[in-house]
Amino acid sequence: MNRFLKNGFFCLSFAAMIVAAISGCGQNDDKASQQKIESIVSSMSLDQKSWLVVGTGMSMGLPDSIEATFRTPADEKMSDEYKGMVSRIRKYLPGAAGFTAEYPDLGITSQVLADGPAGLRVSPFREGDDDTYYCTAFPIGTALASSWDVDLVYSVGQAMGNEVLEYGSAVILGPALNLQRNPLCGRNFEYYSEDPLVTGKIAAAMVNGIQSNGVGTSIKHFAANNSETNRMSVDEIISERALRELYLKGFEITVRESQPWTVMSSYNKINGTYASESYDLLTTVLRDDWGFKGYVMTDWGGGSDPVAQMEAGNDLLMPGQAASINAITEAVSNGSLDEEVLDKNVSRILGIMLKTPRYTGYQNTNKPDLDAHAVVTRQAAAQSMVLLENRGDALPVTADLKKIAAFGNTSYELISGGTGSGDVNEKHTVSLIEGLTGRGFAVDEDLASVYNRYIEDEKAKGQAPVNAIVALMGGMVPVAEMTPPKGLAEKMAETNDIALITIGRNAGEGEDRKAEEGDFYLTTVEKDLISSVTGAFHAQGKKTIVILNVAGVVETASWKEIPDAVLLAWQPGQEAGNSIVDVLTGEVNPSGKLAVSFPVVYDDVPTAATFPGYPVEGETDDAADMSGFSFMSRVPWKMVYNDDIYVGYRYYNTFDVPVSYEFGYGRSYTTFEYSNITLSSDKFKNSITVSVDVTNTGSAAGREIVQVYVSAPDGKLEKPEEELKAFGKTKLLQPGAKETLSFTLTAYGISSFDDATSGWIVEPGTYTVKVGASSLDIKETSSFDVSSEIVAETVNKALAPTETIDKMTKK
């Protein structure tokens, strides 16, 4: 482990111990806490209960003339007491996404909720205060998942949680862990993987790291928020099995292994019902099946019916509107909402309140250790990068190659993270040029001048933001790639030692990406740039490296063979340039692997023909369905999950569809040998242990991600070709060093979900264990037998679709 990370981790751990000690002093046991909650609830008026379950509105820091457009007559009619309370608590943390109500006389303190999948998002500036309050921009979720390193992600969570604590927030709105079902989902950069096991394990590590500081998380978006097109109203039609095995599984793992303080329900409908109004989802599955203990909040403006949301178990409506308060109060008064239901909603909110730093009396400093967190994010980003190509050992860059020609707009304006609520107000983003010069490289100044002038001129033309949310919430919109002047590549090849070409892409909430040039596909200009620069440098016996600074999957098959190396940097956070150079120079041996497949072309994606859904004929917008704070209209929309259980590599491997880069793929500056696979038994009962030796057979120190897949026999349930069932990452192995990794496979872990019985079952037959470096690069195999069907767990019947799904099948 890098000494800086080690020291940073120690400091964060020490801080977490202090916080735990402070917040733990005088903590009530569960029984005393429950008595406290019951006492508070019995003292509350109906109005106060309604105020607590509805947020206090949205303050966006915009001119009042703009913010006034979001206010309704009902907002203006609220009492002076309520308005005064709202005005007071909004000063707690400027730029926070929302606040819960506060009643000092009852001992109820406000919970400050702040955005943050990639870092805390609050305003760096405060009225009447000359200081600035920046936050750390950490690598995007997709990057962190590419590390396959739960300890590393935990340390990122520790750092992020420290900022939540010291800036006075109670809950950070993240992590986001929806499945990457289709590469064009606009928010995929916030999400971890196409695989639910990777998703759940990485998310649980993040939650545990954040919550080690005595603050909370809100895992989101529960559930099936797998597209942004008409996200407020899209109806996702999904089979029970696909829901349980894929779209709910990551959330289940996270809840069971980390107990997040809160869960955020998603905007979309699932099988005809809004997620925030689904009793099946929020009570039957989340609480009864999984044992969730916290409270559920809506996404901002989610759902349609406040009373139905209370009854479903969606305890807090965010950001909050007076109309929702009035609807709940009136429903209790006329008997259409049982006050016991409202009391339960209130009690769950209060249960979390008792844990919050504001309630326990912690005095935040407004001074998190941003320097230490910069070290953490630099190391995390470097460990998350994926080396896609490296012909002729083009990387790492050797010490004699000091003069660098940096092509591509994004070399000069690296993108640290996505737009919208996933953006962070960081103090700086280290560009690739800054990272290179900081390590003693000489970046060609003439070339830099050409690009800087071009970027400045393009910005002066006034580019329009991608969508309204980007305009409101910020985020970088990259300019179109420059066509280099004729002869420039040849001139640079004569005077420089090596060429770097950076290709940039951004994405954000509110809009899905496009399967077109300039987004999923590289433009003609970008491809010509790669070809011309590589050709010019090859003519001089020199090499070209392509760096992908992207929010999500892009097409690579048509051009990846041209340059000498391709490094997938993702969006690495604020230390981007430093992290990239750490990998380019070999200071960090790349050990990341893909947690999402890269198809050859978009049409190869199993959902290409159906994403992002279609309008529902014969339906029109309903005024009653427009309730809630929203930037987006509600168009009747539907998306049918015909791909069923065949998402990502489950589809490509089962149906023999070639990919450009498979799930789990990633190269290294060294090589590894797998040997001596051993199973604890060849007969499966309740569990089985798999062990394998991994040896570094190369010349550089490195780490290897070991993946364990299981191929299950088809029985009454059809199975994918293989499914990831365990993974681990070796320690840093010196050349010649060996490590034995062991994995335990449980009955529940290898089971499949049977809609007919609502049971997780292991069917009889022979199971093949495949241990490898990727989903296609299998190094060692073994097998075990299951003699008779095992029912690993039975759950409640829930979330059944009301229409027939023409599901994909291999039979």
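All but one of (1) out of contact with any helix residue (DSSP H, G or I) (no Cβ under 7 Å at 6 or more places or on another chain); (2) surrounded by fewer than 18 Cβ atoms within 10 Å (Cβ to Cβ); (3) modelled with pLDDT of 95 or more hold for N390; which doesn't?
Checking N390 against (1) out of contact with any helix residue (DSSP H, G or I) (no Cβ under 7 Å at 6 or more places or on another chain); (2) surrounded by fewer than 18 Cβ atoms within 10 Å (Cβ to Cβ); (3) modelled with pLDDT of 95 or more, the one that fails is (2).
Filter segment 523-554 for residues that are over 22 Å from A576 (Cα atoms), in contact (Cβ under 8 Å) with a residue 24 or more places away in the chain and not polar (S, T, N, Q) and give the result. If you could, list the steps in order and put the result at the bottom.
First pass over segment 523-554, keeping only residues over 22 Å from A576 (Cα atoms): 523-525, 527-529, 531-543.
Next, only the ones that are in contact (Cβ under 8 Å) with a residue 24 or more places away in the chain stay: 523, 525, 527-529, 531-537, 539-540, 542-543.
Hits for segment 523-554 are V525, K527, D528, L529, V533, G535, A536, F537, A539, K542, K543.
Take segment 326-347 and flag every residue that is of a type in the set (D, E, K, R) and either open to solvent by less than 10 Å² (accessible area, probe 1.4 Å) or under 22 Å from Y82 (Cβ atoms) (or both).
Quick first cut of segment 326-347, residues of a type in the set (D, E, K, R) only: 330, 338-340, 343-344.
Those that are of a type in the set (D, E, K, R) and either open to solvent by less than 10 Å² (accessible area, probe 1.4 Å) or under 22 Å from Y82 (Cβ atoms) (or both): E330, E339, D343.
Considering only residues that are within 21 Å of the chain's Cα centre (by Cα) and among the aliphatic types (A, V, I, L, M), look in segment 236-255 and name the one that is surrounded by the fewest Cβ atoms within 10 Å (Cβ to Cβ). Step through it out loud before you land on a result.
Keep residues of segment 236-255 that are within 21 Å of the chain's Cα centre (by Cα), which gives 236, 242-255.
Remaining after also requiring among the aliphatic types (A, V, I, L, M): 242-243, 246, 248, 253, 255.
Working: A242: 23, L243: 25, L246: 28, L248: 28, I253: 21, V255: 27.
So, considering only residues that are within 21 Å of the chain's Cα centre (by Cα) and among the aliphatic types (A, V, I, L, M), the one surrounded by the fewest Cβ atoms within 10 Å (Cβ to Cβ) is I253.
Which of (1) more than 20 Å from S411 (Cβ to Cβ); (2) at pLDDT 95 or above does K543 not meet, given it meets every other one?
So K543 meets the others, but not (1).
Residue by residue, here is whether (1) open to solvent by 10 Å² or more (accessible area, probe 1.4 Å); (2) more than 24 Å from G301 (Cβ to Cβ); (3) of a type in the set (A, V, I, L, M); (4) out of contact with any Asp or Glu (no Cβ under 8 Å at 6 or more places or on another chain) holds:
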{"position": "P124", "(1), (2), (3), (4)": "yes, yes, no, yes"}
{"position": "F138", "(1), (2), (3), (4)": "no, yes, no, yes"}
{"position": "G157", "(1), (2), (3), (4)": "no, yes, no, yes"}
{"position": "L165", "(1), (2), (3), (4)": "no, yes, yes, yes"}
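If I ask for residues that are assigned to a helix (DSSP H, G or I), crowded, with 21+ Cβ neighbours inside 10 Å and at pLDDT below 95, which ones from segment 421-459 would you list?
Applying the first criterion (assigned to a helix (DSSP H, G or I)) to segment 421-459 yields 421-422, 432-438, 445-459.
Cutting the leftovers down to crowded, with 21+ Cβ neighbours inside 10 Å gives us 421-422, 432-433, 435-436, 447.
Scanning segment 421-459 gives S421, G422.
Out of the residues in segment 80-103 meeting the condition of being over 15 Å from G320 (Cβ atoms) and touching a helix residue (DSSP H, G or I) at 6+ places or on another chain (Cβ under 9 Å), tell me which one is least open to solvent (accessible area, probe 1.4 Å). Walk me through it before giving the result.
So the first thing to find is which residues in segment 80-103 are over 15 Å from G320 (Cβ atoms), and the list is 80-81, 84, 88, 91-95, 103.
Then drop every residue that is not touching a helix residue (DSSP H, G or I) at 6+ places or on another chain (Cβ under 9 Å), which leaves 92, 103.
Numbers: Y92: 61, Y103: 8 Å².
Ranking the qualifying residues of segment 80-103, first place goes to Y103.
Can you tell me which residues in segment 101-135 are touching a strand residue (DSSP E or B) at 6+ places or on another chain (Cβ under 7 Å) and among the polar types (S, T, N, Q)?
Once the filter is applied, which keeps residues that are touching a strand residue (DSSP E or B) at 6+ places or on another chain (Cβ under 7 Å) and among the polar types (S, T, N, Q), segment 101-135 yields S110, Q111.
Restricting attention to segment 100-141, report how many residues are of a type outside the set (S, T, N, Q) and part of a loop (DSSP other than H, G, I, E, B). Reasoning before the result, please.
Step one: list which residues in segment 100-141 are of a type outside the set (S, T, N, Q), which gives 101-108, 112-122, 124-131, 133-135, 137-141.
Now restrict to residues that are part of a loop (DSSP other than H, G, I, E, B): 101-102, 107, 116-120, 122, 124-125, 127-128, 130-131, 133-135, 137-140.
Qualifying residue count, segment 100-141: 22.
Yes/no matrix, rows are residues, columns are (1) β-branched (V, I, T); (2) open to solvent by 10 Å² or more (accessible area, probe 1.4 Å); (3) at positive phi:
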position: L113; (1), (2), (3): no, no, no
position: R121; (1), (2), (3): no, yes, no
position: G128; (1), (2), (3): no, yes, yes
position: Y133; (1), (2), (3): no, yes, no
position: D149; (1), (2), (3): no, yes, no
position: V153; (1), (2), (3): yes, no, no
position: N162; (1), (2), (3): no, yes, no
position: V171; (1), (2), (3): yes, no, no
position: N188; (1), (2), (3): no, no, no
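Checking the conditions here, which among A308, A323 is touching a residue at least 40 places away in the same chain (Cβ under 8 Å), of a type in the set (A, V, I, L, M, F, W, C) and either surrounded by fewer than 19 Cβ atoms within 10 Å (Cβ to Cβ) or outside any helix (DSSP H, G or I) (or both)?
Values: A308 fails: touching a residue at least 40 places away in the same chain (Cβ under 8 Å).
Selected residue: A323, the only one of A308, A323 that is touching a residue at least 40 places away in the same chain (Cβ under 8 Å), of a type in the set (A, V, I, L, M, F, W, C) and either surrounded by fewer than 19 Cβ atoms within 10 Å (Cβ to Cβ) or outside any helix (DSSP H, G or I) (or both).
Tell me the residue from S258, S276 that is open to solvent by less than 10 Å² (accessible area, probe 1.4 Å) and of a type in the set (S, T, N, Q), please.
On the way: S258 fails: open to solvent by less than 10 Å² (accessible area, probe 1.4 Å).
Only one candidate qualifies: S276.
Has segment 395-406 got any residue that is open to solvent by less than 20 Å² (accessible area, probe 1.4 Å), under 20 Å from T142 (Cα atoms) and either in contact (Cβ under 8 Å) with a residue 12 or more places away in the chain or assigned to a loop (DSSP other than H, G, I, E, B) (or both)?
No, segment 395-406 contains no residue that is open to solvent by less than 20 Å² (accessible area, probe 1.4 Å), under 20 Å from T142 (Cα atoms) and either in contact (Cβ under 8 Å) with a residue 12 or more places away in the chain or assigned to a loop (DSSP other than H, G, I, E, B) (or both).
Residue by residue through segment 646-665, note down the ones that are crowded, with 24+ Cβ neighbours inside 10 Å and part of a loop (DSSP other than H, G, I, E, B).
Y646, V647, G648, F663, G664 - these are the residues of segment 646-665 that are crowded, with 24+ Cβ neighbours inside 10 Å and part of a loop (DSSP other than H, G, I, E, B).
Could you tell me whether segment 753-762 includes any residue that is open to solvent by less than 80 Å² (accessible area, probe 1.4 Å), assigned to a strand (DSSP E or B) and under 30 Å from P599 (Cβ atoms)? Lay out the reasoning, then the answer.
So in segment 753-762, the residues open to solvent by less than 80 Å² (accessible area, probe 1.4 Å) come out as 753-755, 757-762.
Add one more test, that the residue is assigned to a strand (DSSP E or B), and what stays is 753-754, 759-762.
Applying the additional criterion that residues be under 30 Å from P599 (Cβ atoms) yields 753.
Yes: segment 753-762 contains one or more residues that are open to solvent by less than 80 Å² (accessible area, probe 1.4 Å), assigned to a strand (DSSP E or B) and under 30 Å from P599 (Cβ atoms).
If a residue has to be open to solvent by 40 Å² or more (accessible area, probe 1.4 Å) and more than 31 Å from the chain's Cα centre (by Cα) to count, how many in segment 543-571 make the cut?
Taking segment 543-571 as the starting set, the residues that turn out to be open to solvent by 40 Å² or more (accessible area, probe 1.4 Å) are 543, 558, 561-562.
Now narrow it down to the ones that are more than 31 Å from the chain's Cα centre (by Cα): 543, 562.
Total satisfying the criteria: 2.
Tell me the residue from K738, K719 that is among the charged types (D, E, K, R) and open to solvent by less than 40 Å² (accessible area, probe 1.4 Å), please.
Numbers: K738 fails: open to solvent by less than 40 Å² (accessible area, probe 1.4 Å).
Of K738, K719, the one residue that is among the charged types (D, E, K, R) and open to solvent by less than 40 Å² (accessible area, probe 1.4 Å) is K719.
Out of all the residues in segment 684-694, is one or more of a type outside the set (A, V, I, L, M, F, W, C), crowded, with 19+ Cβ neighbours inside 10 Å and at pLDDT 95 or above?
The answer is no, given that none of the residues of segment 684-694 is of a type outside the set (A, V, I, L, M, F, W, C), crowded, with 19+ Cβ neighbours inside 10 Å and at pLDDT 95 or above.
Can you give me the number of residues within segment 145-192 that are more than 29 Å from G613 (Cα to Cα) and in a helix (DSSP H, G or I)? Break it down into steps so the answer makes sense when it comes.
First, pick out the residues of segment 145-192 that are more than 29 Å from G613 (Cα to Cα): 147-172.
Going one step further and asking which of them are in a helix (DSSP H, G or I), we end up with 147, 150-166.
Here the count works out to 18.
Filtering segment 362-377 down to residues that are out of contact with any Gly (no Cβ under 8 Å at 6 or more places or on another chain) and touching a residue at least 40 places away in the same chain (Cβ under 8 Å), which residue is nearest to S591 (Cα to Cα)? Full working, then the answer.
Within segment 362-377, the subset out of contact with any Gly (no Cβ under 8 Å at 6 or more places or on another chain) is 363, 365, 367-371, 374.
Retained after the next criterion (residues that are touching a residue at least 40 places away in the same chain (Cβ under 8 Å)): 365, 367-370, 374.
On the way: T365: 37, K367: 33, P368: 30, D369: 27, L370: 26, A374: 20 Å.
Step by step, filter segment 362-377, then rank; the result is A374.
Among the residues of segment 319-335, is any within 26 Å of the chain's Cα centre (by Cα) and either among the charged types (D, E, K, R) or under 26 Å from H221 (Cβ atoms) (or both)?
First, pick out the residues of segment 319-335 that are within 26 Å of the chain's Cα centre (by Cα): 319-320.
Among the residues that remain, those that are also either among the charged types (D, E, K, R) or under 26 Å from H221 (Cβ atoms) (or both) are: 319-320.
There is at least one residue in segment 319-335 that is within 26 Å of the chain's Cα centre (by Cα) and either among the charged types (D, E, K, R) or under 26 Å from H221 (Cβ atoms) (or both).
Taking the stated definitions as given, is D528 crowded, with 18+ Cβ neighbours inside 10 Å and either of a type outside the set (A, V, I, L, M) or not in a strand (DSSP E or B) (or both)? Explain how you work it out, then say what you get.
Numbers: crowded, with 18+ Cβ neighbours inside 10 Å: no; either of a type outside the set (A, V, I, L, M) or not in a strand (DSSP E or B) (or both): yes.
Spelling it out, it is not the case that D528 is crowded, with 18+ Cβ neighbours inside 10 Å and either of a type outside the set (A, V, I, L, M) or not in a strand (DSSP E or B) (or both).
The values are calculated or read from the model by the stated rules, or taken from the named source; none is laboratory data. As the structure is a prediction and not an experimental result, all values here were calculated from the model. Using ideal geometry, Cβ is built from the backbone for each residue, glycine included, and neighbour counts are taken over all protein chains shown. Quick note on the areas: whole protein, heavy atoms, side chains included, nothing else; ligands and nucleic acids left out. Shrake-Rupley method; radii C 1.70, N 1.55, O 1.52, S 1.80 Å.
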